[in-house]
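The values are calculated or read from the model by the stated rules, or taken from the named source; none is laboratory data. What you see is a predicted model; the values in this text were computed from it and never measured. Please note: Cβ atoms are built from the backbone with ideal geometry, for glycine as well, and neighbour counts cover all protein chains shown. What goes into the accessible areas is simple: the full protein's heavy atoms, side chains included, and nothing from ligands, DNA or RNA. Shrake-Rupley method; radii C 1.70, N 1.55, O 1.52, S 1.80 Å.
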Amino acid sequence: MSTTSTTPPGHVAPRGDRPQEMRKVAVASCVGTTIEYYDFFIYGTAAALVFPTVFFPALGSTAGTVASFATFAVAFVARPLGAVLFGHFGDRLGRKRTLVTTLLLMGAATVAIGLLPTAAAIGVLAPIALVVLRFLQGLAVGGEWAGANLLTAEYAPVGKRGFYAVFPQLGPAFAFALSSATFLVSDAVLGTTDGAFLSYGWRIPFIASALMVAVGLYIRISIEETPAFRAEAERADRAEDVAGAKRPLPFVEVVRQQPLEILLSAGLMSVLFGFFYMGTAYLTAYGTAPEGAALDRQFVLSTGIVAALALGVATLAGGVWSDRVGRRPVIITSGVLALAWSLVLFPLLDTDTPLAFAAGVVVTLAIFGLAFGPVGAYLPELFETRFRYTGAGAGYNLGGVLGGAVPPLLAPGLTASYGSIAVGVMLALLAVLSIACTVALRGRTRMAVAG
């Protein structure tokens with residue numbers, strides 16, 4: 001199955017026929033997103049295991065967990081803003097420069113969280129500072145995803161774009177494994193008691209991220225700007241010289257030209273974000289909470305590593321499959337699986353066995369990964385080059401607000417009022433929305449596609 005859409009002005013054939021250069025871009029995008037999402041996800045792990053006690057001790061266990069995940073959700077509100085802010089610079093100044101900036105911002109905010117005094121030391125200023133730093137993390141990761149995926153999508157040959165666009169999509173899988181492993185090692189080294197871990201052990205993953213940021217910067221600085229952006233920049237400069245008119249802001253232009261694609265992309269992404277953050281942050285909290293499965297913390301973290309491996313395999317499979325059958329069929333397949341699994345997941349978890357918990361986390365992330373693989377190529381293909389960074393990033397991160405911020409906040413209250421099955425129903429509704437939006441996106445690609 002093959003379709004070719006209208007090629008936008010300024011589009012040039014990517015230089016994917018140079019394997020060495022393509023491999024360098026793929027590695028750079030994967031390493032960069034791994035670092036950014038590692039910084040992002042260690043916050044989610046800490047929000048589940050540490051922050052209720054360290055920053056919200058006066059609220060008690062349940063309220064402290066809700067408050068902790070409220071700070072977790074702040075980043076999802078910031079992500080669309082980051083997509084617009086960094087999308088502007090990514091569409092005007094280039095993908096490479098913008099990605100260097102997002103990496104620096106993420107690294108600085110993450111290290112600062114690791115150095116933040118507790119509520120016992122500075123009172124209410126501690127959670128306020130935590131919210132501000134989490135907001136900065138959200139800005140950074142909001143600008144990261146689109147740029148990292150454009151590096152591969154705009155370089156890759158048409159028939160292999162799904163495969164190469166998987167590399168930045170593998171970043172979350174590697175990052176979740178690294179995050180779980182880092183906390184697991186910290187917990188093991190510091191012993192089974194909470195004293196040392198809650199005092200300073202949880203800070204180690206945050207502060208250690210500075211070393212990873214340094215590596216990521218070195219790799220990102222070494223790559224070249226994408227050929228599609230260079231061609232579009234040259235075309236726009238010539239148009240300005242001839243007409244004497246300034247280009248409209250990328251966000252203004254994409255909202256005028258392709259508003260439906262932004263909204264449908266957000267709907268498509270909603271269940272993906274819901275599954276990912278339920279499968280990582282929420283289930284980590286559920287697995288260790290006394291009122292949940294009350295499992296050993298090391299078992300929960302070890303399960304996260306196994307689930308991350310399953311996520312990586314599913315992401316790669318989804319991306320490769322999408323080059324053969326098309327992006328939408330793979331995404332819809334994942335949506336149908338998500339719909340069914342949503343109604344099975346929490347009755348399974350309610351059996352309160354380690355095996356049920358492990359299966360819940362692994363299958364949830366595998367279903368997410370199946371769709372997440374092709375999304376890395378599909379969302380950039382929906383938008384024209386001159387505002388592609390802004391459009392793809394806005395759609396992706398608006399989906400994060402709906403699917404990533406709302407479910408973890410509503411889940412504790414839904415469980416308390418109606419039982420855990422209510423959370424499954426919420427996820428099922430997101431799956432229906434995602435399937436409907438994916439169907440509605442048929443025929444809207446703006447880049448040449450294969451499959």
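Report whether or not Gly94 is under 30 Å from Ile219 (Cβ atoms) and open to solvent by less than 30 Å² (accessible area, probe 1.4 Å).
Considered against the rule, which asks whether it is under 30 Å from Ile219 (Cβ atoms) and open to solvent by less than 30 Å² (accessible area, probe 1.4 Å), Gly94 comes out as yes.
So that you can scan it fast, the table gives a plain yes or no per residue for (1) free of Cβ contacts under 8 Å to residues at least 12 places away in the same chain; (2) open to solvent by 30 Å² or more (accessible area, probe 1.4 Å); (3) part of a helix (DSSP H, G or I); (4) among the hydrophobic types (A, V, I, L, M, F, W, C):
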residue	(1), (2), (3), (4)
Thr53	no, yes, yes, no
Leu59	yes, yes, yes, yes
Gly64	no, no, yes, no
Phe86	no, no, yes, yes
Gly90	no, no, yes, no
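Here's the yes/no breakdown for (1) among the polar types (S, T, N, Q); (2) out of contact with any Leu (no Cβ under 8 Å at 6 or more places or on another chain):
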{"site": "Ile35", "(1), (2)": "no, no"}
{"site": "Ala48", "(1), (2)": "no, yes"}
{"site": "Phe55", "(1), (2)": "no, no"}
{"site": "Gly64", "(1), (2)": "no, yes"}
{"site": "Ser68", "(1), (2)": "yes, yes"}
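Quick check on this structure: which one of Pro259, Pro248, Pro290 is modelled with pLDDT under 85, of a type outside the set (D, E, K, R), open to solvent by 50 Å² or more (accessible area, probe 1.4 Å) and closer than 20 Å to Arg388 by Cα?
Only one candidate qualifies: Pro248.
Of all residues in the range 203-223 being surrounded by fewer than 16 Cβ atoms within 10 Å (Cβ to Cβ) and either over 22 Å from the mean Cα position of the chain (by Cα) or among the charged types (D, E, K, R) (or both), which is modelled with the lowest pLDDT?
If we take residues in the range 203-223 being surrounded by fewer than 16 Cβ atoms within 10 Å (Cβ to Cβ) and either over 22 Å from the mean Cα position of the chain (by Cα) or among the charged types (D, E, K, R) (or both), then Ser222 is modelled with the lowest pLDDT.
Conditions: (1) within 18 Å of Thr280 (Cα to Cα); (2) buried (at least 22 other Cβ atoms within 10 Å of the Cβ); (3) of a type outside the set (Gly, Ala, Ser). Val362 meets all but one. Number of the miss?
All conditions pass for Val362, except number (2).
Let me confirm something: among Ala73, Ala140, Ala121, which residue is out of contact with any strand residue (DSSP E or B) (no Cβ under 8 Å at 6 or more places or on another chain) and either farther than 19 Å from Ala405 by Cα or without any contact (Cβ under 8 Å) to a residue 60 or more places away in the chain (or both)?
After applying the criteria, what remains is Ala121.
Could you tell me whether the range 323-345 includes any residue that is more than 22 Å from Ala440 (Cα to Cα) and surrounded by fewer than 19 Cβ atoms within 10 Å (Cβ to Cβ)?
yes
Which condition from (1) open to solvent by 50 Å² or more (accessible area, probe 1.4 Å); (2) touching a residue at least 40 places away in the same chain (Cβ under 8 Å); (3) in contact with a helix residue (DSSP H, G or I) (Cβ under 9 Å, 6 or more places away or on another chain) is the one that Gly376 breaks?
Against the list (1) open to solvent by 50 Å² or more (accessible area, probe 1.4 Å); (2) touching a residue at least 40 places away in the same chain (Cβ under 8 Å); (3) in contact with a helix residue (DSSP H, G or I) (Cβ under 9 Å, 6 or more places away or on another chain), Gly376 comes up short only on (1).
Is it the case that Thr110 is of a type in the set (Ser, Thr, Tyr), open to solvent by 10 Å² or more (accessible area, probe 1.4 Å) and within 22 Å of Ala175 (Cα to Cα)?
Judged against the criteria, Thr110 is not a match.
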